[in-house]
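Chemist: One structure coming up, written as structure tokens, with questions to follow.
Coordinate-derived values only; no laboratory data. Keep in mind that what you see is a predicted model, and the values were worked out from it rather than measured. Heads up, the Cβs are rebuilt from the backbone with ideal geometry, glycines too, and the neighbour counts pull from every protein chain shown.
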Amino acid sequence: MDSRPGGWNVAARIATLWGRRWGSGSDACMLRIRTASLAAMVLFSFLAAARGQGGEETGSIAGRVVHARVRENTPAIVYLEAISDRTFDPPAEDGELPAIDQMDQTFEPHVLAVQAGSRVAFPNSDVIRHNVYSPEQGSVQAFDLGSYRPGETKFVVFERAGIVPLKCSIHSDMSAWIVVCPTPFFATTDETGAFRIEGVPPGAHRLTVWHEKLAGRTIDVSVEVGKTAEIEFRDLEEVE
Ligand SMILES: [Cu+2]
């Protein structure tokens, strides 16, 4: 999740405009008015950033998964476990669907995180036929899309949270993973292992890390309104 509080961008733009006017030599009265309105805008932006969807006051979780495999191999997924007494609607399908493409005999991306209830697209953008399936063993949702030709797209809705390994029956070296998360609060680590989750309801939560070659771990995290809880996952055991 790469969402950043948009309010700060607005505040930064206003600050730039204000700085330009200030440099052109406005009088002291106008300067006071502009200072006051800038302060109000910054405060407004800050409050807006601390609210999630529906005006709920929220906080953030940020941190790092510290392991060479996460930096050199593939990303880790970090997600919030189910929150008691809270249910989350599946994501609206008003934009582009999350997708795992097939190109150059490779699934792209190799790891995809989605919220439970999401419909995922599996386009075949390669020049040869592929198959997409998830085996009975080790998958929260086994399925087989059969073999299909270039240019064709198939879809699967992932209802249950859990891990879905993907394979192609035609090319045994093709593999990918879908991490179906129980909440809308999840993130994919960047190349440094860093992650950030915004818009988290305040309270005591459980945060889980998943990586294809590391043992998972779940830790407690306390989220406060308008604050960022700092989390570091260290010393994860290699499982492969
Ligand atoms: Cu294939």
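Chemist: Summarise the long-distance tail of P(r) for the stretch 58-233 by giving the % of C-alpha pairs beyond 21 Å.
Modeler: Working: 7792 of 15400 pairs.
Tail of the P(r) past 21 Å holds 51 percent of the pairs.
Chemist: While we're on this one: Would you list which lysines come within 20 Å of Lys213, measuring only between C-alpha atoms, while excluding same-chain residues fewer than 8 positions from it?
Modeler: Those lysines meeting the cut-off are Lys167.
Chemist: Still on this structure, I have one more. With a 10 Å radius around each residue's Cβ, average the other Cβ atoms per peptide and rank 109-116, 214-221, 74-81, 98-105, highest first.
Modeler: Highest to lowest by the protection proxy: 74-81, 109-116, 98-105, 214-221.
Chemist: I would also like to ask the following. Can you compute 3J(HN,Hα) from phi for each residue in the stretch 149-166, using the Karplus curve 6.51 cos²θ - 1.76 cosθ + 1.60 with θ = phi - 60°, rounded to whole Hz and x for Gly and Pro?
Modeler: With coefficients 6.51, -1.76 and 1.60, one gets 7, x, x, 8, 10, 10, 9, 9, 9, 9, 7, 9, 5, x, 9, 10, x, 10 Hz.
Chemist: Let me ask you something else. First measure r as the distance between the Cβ atoms of Val239 and Ser169, then evaluate 1/(1 + (r/R0)^6) with R0 = 25 Å and state the FRET efficiency to the nearest 0.05.
Modeler: Details: r = 25 Å, r/R0 = 0.99.
E(calc), rounded to 0.05, equals 0.50.
Chemist: Check the straight Cα-Cα distances from Lys227 and name the aspartates and glutamates below 12 Å, setting aside those fewer than 8 residues away within the same chain.
Modeler: Straight-distance partners of Lys227: Glu57, Glu198.
Chemist: Same structure, new question: For the pair Arg129 and Asp85, how long in nm is the line joining their label points, each one 7 Å along Cα→Cβ?
Modeler: Distance between the two pseudo-spin positions: 5.5 nm.
Chemist: Related question: What is the Cα centroid distance between the stretch 115-172 and the stretch 56-78, reported in whole angstrom?
Modeler: 25 Å
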